[in-house]
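Just so it is clear, none of the values below were taken in a lab; they were calculated from the coordinates. The structure presented is a predicted model; accordingly, all values stated were derived computationally and were not measured. So basically every Cβ, Gly included, is an ideal-geometry build from the backbone, and we count neighbours across all protein chains shown.
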Amino acid sequence: EKEIAREKDLQGKKILVTAGPTQEAIDPVRYITNHSSGKMGYAIAKAAMLRGAEVTLVSGRTAIEAPLFVNVVPIVTAKDMFEAVTGISNEQDIIIKAAAVADYRPAVVSSEKVKKKEGQMSIELERTDDILKYLGENKREGQFLCGFSMETQNMISNSRAKLEKKNLDMVAANNVKEAGAGFQGDTNVLTLITQKEETSLPLMSKEDAANKLLDKILELTIR
Ligand code: CTP
Ligand code: CA
């Protein structure tokens, strides 16, 4: 079988993958989240495990089953993810941040259910910490940092800006508006962007996309 035949080319590598959405509570019954299914991150974690890596998967709430032989750390909020990731980031050789982390959370979380009233209502939001930016600022020698970038327009230039701003080694960019790409499906269309190059992958399964991404990281870290 394909999975058994896979070369153990990531043996001895410690890889941290983040996946899924975060949830930010408004009150005890409501929260703010996004459409991330977790499928891309889970596919990367599984592929890396099958290729011999020691994999930790920090995951928001998803509907999919955790891959076997992967150390899964479940989290709910962006703050949880920040703490889980930064607590173990130093020991990692490769960090791949496929999670869709909330940029904002309610500034105040109501301890009781918010009751409806006449007219409009608004919720004040505050910024969460940017986990990837923190990792870029605290990157240790030889560590490889890969972010994801979800865009609906100016995908390449916006993603390059993230590469620079967060001190990343690679960004895997996808356009949510492109057919077969993005959050919910079983396929993706990724462009792998580094300082020096851009590799546009065709539409493929998230499993194949995961292996292509790992191939590229291996190629870049061997050089
Ligand atoms: N990310 C993170 N912590 C956050 C927000 C984002 O670690 N608080 C990471 C994501 O996991 C992803 C990368 O940053 O790997 C890019 O996320 P994205 O939402 O595409 O970009 P942002 O930098 O948040 O910018 P914007 O949402 O404004 O496009
Ligand atoms: Ca964001």
GNM of the chain, Cα pairs under 10 angstrom: of PRO67, PRO21, PRO202, the biggest fluctuation goes to PRO202
To the nearest 10 degrees, the tilt of helix 155-165 (Cα long axis) against the first principal axis of the alpha carbons of the chain is 90 degrees
tail above 28 Å in the computed P(r) of the chain, as % of all Cα-Cα pairs, reads 28 percent
Of the candidates ALA179, ILE26, ASN211, the farthest towards the positive dipole end of the chain (Lys/Arg Cβ +1, Asp/Glu Cβ -1, centred on the Cα centre) is ILE26
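Can you give the charge dipole size of segment 93-223 about its Cα centre, rounded to the nearest 20 debye, using +1 on the beta carbon of Lys and Arg and -1 on the beta carbon of Asp and Glu? Numbers along the way, then the final one.
Numbers: 20 positive and 21 negative charges, 72 e Å.
With Lys and Arg at +1 and Asp and Glu at -1, about 340 debye.
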In terms of the charge dipole of the chain, which places +1 on Lys and Arg and -1 on Asp and Glu at the beta carbon, the residue among LEU163, THR194, HIS35 farthest towards the positive end is HIS35
Out of GLU198, GLU141, GLU54, a Gaussian network model of the chain with alpha-carbon springs under 10 Å gives the largest mean-square fluctuation to GLU141
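How high is the relative contact order of the chain? Use alpha-carbon pairs under 8 Å, at least six apart in sequence, and give a whole percent. Could you put the intermediate results ahead of the total?
Numbers: 473 pairs, mean separation 42.1, N = 223.
Rounded, it is 19 percent for the chain.
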So the angle from the long Cα axis of helix 39-50 to the longest Cα principal axis of the chain, reported in degrees to the nearest 10, equals 30 degrees
Once the in-chain neighbours fewer than 8 apart are removed, the aspartates and glutamates whose Cα is under 14 Å from LYS113 read ASP27
Toy charge model, Lys and Arg Cβ at +1, Asp and Glu Cβ at -1: segment 173-223 dipole around Cα centroid in debye, rounded to 20, equals 140 debye
The answer for trypsin sites (Lys or Arg not before Pro) in segment 25-131 that fall in a DSSP coil and have at most 16 neighbouring Cβ atoms within 10 Å is ARG61, LYS113, LYS115, LYS116, LYS117
Relative to the chain, whose Cα atoms define the longest principal axis, helix 206-222 and its Cα axis are tilted in degrees, nearest 10, by 60 degrees
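Rounded to the nearest 500 deg cm²/dmol, what is the calculated helix-only ellipticity per residue at 222 nm for the chain, with -39500 (n - 2.57) per DSSP H run of length n ≥ 4? Spell out each step's value before the answer.
Working: 6 runs with 62 residues, N = 223.
Value at 222 nm, helices only, nearest 500: -8500 deg cm²/dmol.
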Checked against a 32 Å limit on the C-alpha separation, the offending pairs among LYS13/LYS39; LYS116/LYS206; LYS115/LYS165; LYS14/LYS206; LYS46/LYS133 are LYS116/LYS206; LYS115/LYS165
Restricting to aspartates and glutamates and to Cα separations under 12 Å from LYS162, and discarding same-chain partners fewer than 8 apart, the set is ASP130, GLU151
Bridge orientation stat for segment 90-223 from DSSP, antiparallel percent rounded to 5, came to 50 percent
